[in-house]
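Asker: Have a look at the structure that comes next, please.
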Amino acid sequence: MMSEGKVCFDGDIFCEPCSYDDLEVIAVSFCVICTEYFCSDCTKAHRKNKITRHHATLEGDDLPNDSGVFVLMKKLTNCSDHPDVPITFKCQDHNIFICTSCLVSKHRKCDNVSEISNLPEENDKTPNQESLVERIVKLNDKTASTISLKVDNIETIRSDEKQIMQKQTQAVDEMRKYLTKLLKKSKKETKRIAAREVNILSDDIKTLKTLELKEKETHDLLLTTKEHGTKIECSIINKIVAENIGHLESKIDESNAVGKVKLIFQGNGLYDKIKSIGNTTKAIQCSYPSVDEKTDKLTPAIKHSSDTIDESE
């Protein structure tokens, strides 16, 4: 997902400058500022260069397997209007981060513009990084729990589907040949309903797994920024992540609000006047658990509804 900036062949990480000369030289360091891998010779050259000698580099056990999170950190801390210009100011009047170009072109008349590095702690309203890490970890746990419950729900639907079919068969045996046609129709409808609900849940699970990967990516970004980012980068990333977490929480809560699906078969005893062998219904017993922020415990939110499908002509 975050593989840009990484040069890998057969599991090895190679020097990126050397790769431009079609050379495969094992990388021994990674520059956090340039987001590039370097071999031993290129590392020395990087340190000798007047412009890059003070860049932070990672080596040995600290050498990252994937530079994607570093590339993402740099991308998010550069100006969206001027992608090649890093963000260095914050306009308090508009509560946004800006670069030097934005300052000159759009915010020159603003009264409260400060360099991010000079912002006092008490004026920095960006979210605390530790709380963001805690929130994304909790959200990731919540997503994993929701996926597990929805996977289990699919098994419940399959089990319900099987039990309903057994009951349908028993009902048809009592009505014998007269109800054979209705039995086939009822089973087809049950399969359709079960398939529909399973497809809905499967789509939900795919979406949640995508969110789960995004949460993991965000978690890695926060930890990397905390460990290797500058104060400016931390401030920017924290604000962006806080907004993203709110969006992710909204998506998870929206998914949880649907509730657990159960299929129910209702038999019909009026055989002399019957036009169907019964109705397969969708019953939502309760919504999926939500996380209690005070106790961090999963709490079911009770909710009842039904979706009845008439199998008659």
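Asker: Just need a number here: residues in segment 12-32 that are over 15 Å from Asp62 (Cβ atoms) and part of a loop (DSSP other than H, G, I, E, B).
Answerer: Here is the first cut: in segment 12-32, the ones over 15 Å from Asp62 (Cβ atoms) are 12, 14-26.
So of that shortlist, the ones also part of a loop (DSSP other than H, G, I, E, B) come out as 15, 20-25.
Adding up the residues that qualify gives 7.
Asker: Looking only at segment 213-230, count how many residues are closer than 16 Å to Thr35 by Cα and of a type in the set (A, V, I, L, M, F, W, C).
Answerer: Matching residues across segment 213-230 total 1.
Asker: Keeping to segment 156-211, report how many residues are of a type in the set (Ser, Thr, Tyr), over 30 Å from the mean Cα position of the chain (by Cα) and within 28 Å of Glu254 (Cα to Cα).
Answerer: Matching residues across segment 156-211 total 1.
Asker: Where in segment 38-122 are there helices (runs of 4 or more DSSP H), lying fully within it, with 3 or more residues that are more than 29 Å from the chain's Cα centre (by Cα) and on the phi < 0 side of the Ramachandran plot?
Answerer: Filter on segment 38-122 gives 40-48, 100-105.
Asker: Which members of segment 73-102 meet the condition of being of a type in the set (A, V, I, L, M, F, W, C) and under 29 Å from Cys31 (Cα atoms)?
Answerer: Met73, Leu76, Cys79, Val85, Ile87, Phe89, Ile96, Phe97, Ile98, Cys99, Cys102
Asker: In addition: For segment 219-244, which positions are within 30 Å of Asn153 (Cα to Cα) and at pLDDT below 90?
Answerer: Result: Asn244, single match.
Asker: Separate question: Within segment 174-188, does at least one residue satisfy the condition of being modelled with pLDDT under 90, crowded, with 16+ Cβ neighbours inside 10 Å, at negative phi and of a type in the set (Val, Ile, Thr)?
Answerer: No, segment 174-188 contains no residue that is modelled with pLDDT under 90, crowded, with 16+ Cβ neighbours inside 10 Å, at negative phi and of a type in the set (Val, Ile, Thr).
Asker: Also: For Lys125, state whether it is outside any helix (DSSP H, G or I), within 30 Å of Cys79 (Cβ to Cβ) and at pLDDT below 90. Even if it seems obvious, please write down each step before you answer.
Answerer: On the way: outside any helix (DSSP H, G or I): yes; within 30 Å of Cys79 (Cβ to Cβ): yes; at pLDDT below 90: yes.
So Lys125 passes the test.
Asker: Identify the single condition in (1) acidic (Asp, Glu); (2) more than 30 Å from Val32 (Cβ to Cβ); (3) without any contact (Cβ under 8 Å) to a residue 12 or more places away in the chain that Glu134 does not satisfy, given that it satisfies every other one.
Answerer: (2)
Asker: Among the numbered criteria (1) farther than 30 Å from Glu130 by Cα; (2) buried (at least 18 other Cβ atoms within 10 Å of the Cβ); (3) touching a Lys or Arg at 6+ places or on another chain (Cβ under 9 Å), which one does Ala171 miss?
Answerer: Condition (3) is where Ala171 drops out.
Asker: For segment 251-269, how many residues are at pLDDT 90 or above and loosely packed, with under 15 Cβ neighbours inside 10 Å?
Answerer: Counting residues in segment 251-269 that are at pLDDT 90 or above and loosely packed, with under 15 Cβ neighbours inside 10 Å gives 0.
The values are calculated or read from the model by the stated rules, or taken from the named source; none is laboratory data. Keep in mind that this is a model prediction, so the values were computed, not measured. Positions of Cβ are backbone-derived with ideal geometry, glycine not excepted, and every protein chain shown enters the neighbour counts.
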